[in-house]
Amino acid sequence: MSLEALVNEKYKAFSESDRAVWKYLSEHRAECENIAIKKLAQKCCVSHSAVMRFAQRLGFQGFAELKLYLKMDGQKMRPHSELKYICSLYQKVMDSMCEKNCDPIFDAMGTARQLYIFGEGMVQASIKKEFKRIFMSAGHMFYDVPSGEEIYNLLHLIGSNDFCILVSVSGQNKKMVETAEKLRIAGVTLMSITKNRENTLSHLCDFNLYVDESSLFETPTHWQYESTTAYFILIDILFFKYLEYHQRKEADHEA
């Protein structure tokens, strides 16, 4: 598991000191691989013990173990070819989704009055379309909320008995964050789909699905290309996990 994934799991329990340490560490990864705990504390304007507590909150025995993990994480360098690199990203998504317990997500979907999916942009539109298509075959109809100002006009129609998915590649889209804040106040059950990085949207949601961040590749025409296939792999595996979940529920009912 990457360090970002560990942080995402624990972030909601972070103190202000924890957030300060993580902010500096995430922005200066190479430097922090060999930094002394006293110097890191000074950089973050926190105490020596606060840095130690941060490491322990992530499950490490101490700061030295955290630094070792950080160094090993950083050494998972991009393979020699772009093809191998992108295939390794797909494998990470497959591994993390296969290990994830998605039953609480399916429970929430099954008891919801209405299902919604939000997202702005071309990539997000493709992700929403695939999510709607594949889950429609299992009888779950997601209402695709239009982008733009129409999002705000529809929020009053969504209540605490509903389930909403918010798709944001960065997890920092202003409109998605504002939407999540309003829906959270209304008691709506929320799930985010974002890149696997510390982001505001994921902290506002009840459930989070992540795709490891990929690099930009230069095409022969000098365009910047970023693969989005991992999102569709994520959705596909989620659907197969739903089929297994449904089969178990039916078997329990018959028993």
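Quick rundown of the values:
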{"item": "Extension reserve of the E31-Q61 stretch, reckoned as 0.36 nm per residue once the Cα distance is removed", "result": "8.7 nm"}
{"item": "Residues H246, H253 arranged by fewest to most Cβ contacts within 10 Å", "result": "H253, H246"}
{"item": "Order of H48, H203, H156 under a 10 Å beta carbon neighbour criterion, fewest first", "result": "H156, H48, H203"}
{"item": "Mean-position separation - Cα centroids, region 201-255 and region 2-47, in angstrom", "result": "28"}
{"item": "Sites S49 and Y85 - FRET efficiency at Förster radius 45 Å, r taken between beta-carbons, to 0.05", "result": "0.70"}
{"item": "Among A55, A112, H140 - extreme Cα towards positive end, dipole of the chain, charges at beta-carbon", "result": "A55"}
{"item": "The chain, helix-only ellipticity at 222 nm - DSSP H runs n ≥ 4, -39,500 (n - 2.57), divided by all residues, nearest 500", "result": "-17000 deg cm²/dmol"}
{"item": "Per DSSP, loop GluC sites (Glu not before Pro) in region 155-255 with at most 14 further Cβ within 10 Å", "result": "E226"}
{"item": "Where labels lie 7 Å past Cα in the beta-carbon direction, separation of D73 and E244 in nm", "result": "2.7"}
{"item": "Pair C98, F217: separation of 7 Å Cα→Cβ label points (nm)", "result": "2.3"}
{"item": "Built amide H within the under 5 Å cut-off of L166, gap 5+", "result": "F118, M191, S192, I193"}
{"item": "Sorted by Cβ neighbour density within 10 Å, fewest at the top, the residues T111, T194, T228, T189", "result": "T111, T228, T189, T194"}
{"item": "Gap separating the Cα centres of region 91-137 and region 171-194, nearest whole Å", "result": "15"}
{"item": "Sites H253 and E130, calculated FRET efficiency, Cβ-Cβ separation with R0 30 Å, nearest 0.05", "result": "0.50"}
{"item": "L157-K38 FRET efficiency (beta carbon distance; Förster radius 51 Å; 0.05 resolution)", "result": "0.40"}
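Readers should treat all values here as calculations from the given coordinates under stated rules, not as data from a laboratory. The structure displayed is predicted, hence computed values, not measured ones. Note: ideal-geometry Cβ built from the backbone for every residue, glycine included; neighbour counts use all protein chains shown.
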